[in-house]
Every structure is written in C-alpha cells, then in structure tokens.
Amino acid sequence: MMQKMFFGVALMLAQVAVAGAGPSATQVEIDSIVAIVNDAVITRSELDNQTRTIKQQLRQQNTPIPAGDVLQKQVLERLVTSRLQLQLAASTGIRVDDDTLNRAINRIAMQNKLSLTEFRAVIEKDGFSFDKFREDIRDEITI
C-alpha cells in the first residue's frame, strides 16, 4: 500500500514540477503508469515499445495488424499476465541461470542457421537491443 502511495505521490510531484516550469525551462517528458501489477508498474513507454515490437513481428509474418486500440489492449493484457507469472515464479524461487539462457539463445541462433555473432547482428539491425532480447528470453523460459 505504501509503495503504491509513493508511486502516486512521486508521479504527482513530477507532474506539478513540469507544469510549473516556465517556457524557458527544459521540457521533461514523464513516463506515465498504465497499470500496476501488485508491486510492479507497466509504463506507457513499455506498452508502446511492446506494441511497436508486435506490429513489426506481424508485418514480417505478413499477418494483418489489428486496430490500434485493440492491439494495445491485447498487449497490455499480455504484459499484465506476464508480470503476474514472473512474480509468482520469483516468489516460488524459480530462476533461469545464465548458462541455461545462453544455451537457449545459441539454440535459437542455430535454428536460424546463424552463428551467435550473426544472430546478434540481425537482432540489432532490426532495431532491437540484444540485452533486452536476452532478458525477454529469460522471462519466456521462466514463464
């Protein structure tokens, strides 16, 4: 309860600080909270990034892209579900170690007939962070 209140107060103070700034002040963009999942938050930028990633994947697969609001709702539901599953995994001690993660990523690269270096280059060329990709795969294995 205290954490939720802290997030709300911090967000409100940040909004007041930006709103009170004069025209000569540097513009600061504040990321908004779109969902609270127990003690974790899902931010607008996280939702937007995930929606953008899904759209790109659908285009690559030549799959029709749902209407913006429909897709965003589906992505948000998926993020909430994932957070809940990851929180449950953490509370029960489930953790994916680096060796398991590395083996999984190497397997994905081999399935795509690429070396790990080539695979990393393809991911980064497509505009994705390899470190973020690694953590996403860790989360998928955990779930």
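Miscellaneous remarks
- Qualifying residue in the stretch 30-53 (condition: closer than 16 Å to Lys132 by Cα and of a type in the set (Lys, Arg)): yes
- Residue within the stretch 41-64 that is more than 25 Å from Ile143 (Cα to Cα), modelled with pLDDT under 95, open to solvent by less than 50 Å² (accessible area, probe 1.4 Å) and not in a helix (DSSP H, G or I) present: no
- Here Thr100 fulfils each of the conditions (1) closer than 25 Å to Asn49 by Cβ; (2) open to solvent by less than 50 Å² (accessible area, probe 1.4 Å) apart from (1).
- Within the stretch 126-139, none of the residues are open to solvent by 90 Å² or more (accessible area, probe 1.4 Å), more than 30 Å from Ile30 (Cα to Cα) and part of a helix (DSSP H, G or I).
- Scanning the stretch 104-117 for residues that are in a helix (DSSP H, G or I), without any contact (Cβ under 8 Å) to a residue 12 or more places away in the chain and either surrounded by 12 or more Cβ atoms within 10 Å (Cβ to Cβ) or of a type in the set (Ser, Thr, Tyr) (or both) yields Asn106, Ala109, Met110, Leu116, Thr117.
- Taking the stretch 65-97 as the range and being surrounded by 14 or more Cβ atoms within 10 Å (Cβ to Cβ), hydrophobic (A, V, I, L, M, F, W, C) and touching a residue at least 24 places away in the same chain (Cβ under 8 Å) as the test, the residues that pass are Val75, Leu76, Leu79, Val80, Leu84, Leu86, Ala89, Val96.
- Selection from the stretch 68-99 of residues that are under 14 Å from Ile141 (Cα atoms) and of a type in the set (Lys, Arg): Arg83, Arg95
The values are calculated or read from the model by the stated rules, or taken from the named source; none is laboratory data. Here the structure is a predicted model, which is why all the values come from computation and not from measurement. Using ideal geometry, Cβ is built from the backbone for each residue, glycine included, and neighbour counts are taken over all protein chains shown. What goes into the accessible areas is simple: the full protein's heavy atoms, side chains included, and nothing from ligands, DNA or RNA. Shrake-Rupley method; radii C 1.70, N 1.55, O 1.52, S 1.80 Å.
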